[in-house]
1. Test of understanding: in a Gaussian network model of the chain with alpha carbons linked when under 10 Å, which of Ala231, Ala216, Ala298 would top the mean-square fluctuation ranking?
2. Helix 179-189 sits at what angle to the longest principal axis of the chain, using alpha carbons and giving 0 to 90 degrees rounded to 10?
3. Of the residues Ile154, Ile295, Ile225, which exhibits the maximal mean-square fluctuation in a Gaussian network model of the chain defined by a 10 Å Cα contact cut-off?
4. In terms of Cα to Cα distance under 26 Å, which lysines are near enough to Lys139, apart from those fewer than 8 places away along the same chain?
5. Assuming R0 = 35 Å, can you tell me the calculated FRET efficiency for the pair His220 and Gln269, based on Cβ-Cβ distance, to the nearest 0.05?
6. Please figure out what share of the DSSP beta bridges in the chain is antiparallel and state it in percent, rounded to the nearest 5.
7. Label-point separation (nm) for Gln312 and Arg108, each offset 7 Å from Cα along Cα-to-Cβ?
8. Please report, as a whole percent, how much of the solvent-accessible surface of the chain comes from carbon and sulfur atoms (probe radius 1.4 Å).
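The values are calculated or read from the model by the stated rules, or taken from the named source; none is laboratory data. Note that the structure is a prediction, hence the values are computed from the model and not measured. All Cβ positions, even for glycine, are placed from backbone atoms using ideal geometry, and neighbour counts span all protein chains on display. Just the protein is used for accessible areas: all its heavy atoms, side chains included, with ligands, DNA and RNA removed. Shrake-Rupley method; radii C 1.70, N 1.55, O 1.52, S 1.80 Å.
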Amino acid sequence: MLEILKQSANPDICKPLLDAVIEKAQEFHTVFGRKPAFMEVCGSHTMALAKSGVKQCLINDVQLVSGPGCPVCVTDQKSIDAMIALSEGEGRIICTFGDMVRVPGSTRTLLDAKTTGKDIRVLYSPVDAIRLAQENPDKEVIFLGIGFETTIPILALLVGQAHSLQLPNFSVWMTTKLVEPILRSLLDAGEVRLDGFLLPGHVSIVLGEDSYQFLAEEYHVSGVISGFEPAELLSGIYKLIDLALKNEAKIINDHRAIVTKEGNRVAQQWMETYFEVCDEAWRGIGIIPNSGLDIKPAFDQFNAKKRYQIKQEEPKKTKCRCGEVIRGLISPNECSLFGKACRPTNPIGPCMVSAEGSCAAYYHYMRESY
Ligand code: SF4
């Protein structure tokens, strides 16, 4: 397994760090009679841990479970079906990120809709959606707004631009998610025993270190804000084990070069200007009160959910267990469809589609580890 780590990391730095983490984890095991258990909140961490080999190297010593931080994976089935139904209207251009087009709905995907002539565009920069609306005044341009606080400020920017340009043919279909409510929901549910969270560096740039203090103060759970390089991941895990051994609950900012205590105030103000808190449905969890953001009534003309009345049917049930994967209850290989009926070329659920999905990470990098 160390070979995998060597391919993607500086072994001079990572080997001693890996040894230190294993030693610390064994000390934890001696004291508590079990492995320390941490959740990587973010899908980018899940992918980085698997791709770098860190997860495989620690498989016997540290339990690392995936969390609900992959935006595509947590989008509930009803929302996926609604977005596909939205694409079926005449004269519409649907704009989205790459992963979304392959997520299976109850009967088909956005990609299937595209092959039947629907105008669905994968954008690399969301601001291209504004240009598309300007260039196509006879069409309705709808941006599918999924994501956490990493992406939401960009959606706020889009609504702000559309408002200042008074674009009549542009709107955003909001199905965004917030980090704090889902962490609270997981801890309140108490379904999975956790000794701490590996917190994502990128979303923390917007949120800031202080936004996680509730974990330590209210739940007595630690968190380490970490980057995505192998050495950063190992350093974060080491600090989490150390805190758990000392029975200390603390938030450590291990990504100080770019994450501040208060976060990015400009991005936060954009969100506050254009959005308000709303209830959101999460895959496998249900509705969590105040866990998403919607467009404020003052900007209703850019709110696709208000402009288009899409009937949301009850989704078709499948054997996909993504809902349990994103709650850290099972590993992807515990799903009976993993690697058989469900593969990246034929995904049954979003966790196998998304570039940040836990099932895709396990399929590409960890199948041999079990
Ligand atoms: Fe869903 Fe496929 Fe993952 Fe199973 S392996 S939980 S079907 S995405």
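1. Result for the chain, Cα springs under 10 Å: Ala298 fluctuates most.
2. Orientation of helix 179-189: about 60 degrees from the principal axis.
3. Ile154
4. Within reach: Lys78, Lys114, Lys118, Lys296, Lys305, Lys306, Lys311.
5. For His220 and Gln269, the calculated efficiency is 0.65.
6. Of those bridges, close to 20 percent are antiparallel.
7. Once both label points are built, they end up 2.2 nm from each other.
8. Looking at the chain in its full context, I get 51 percent from C and S.
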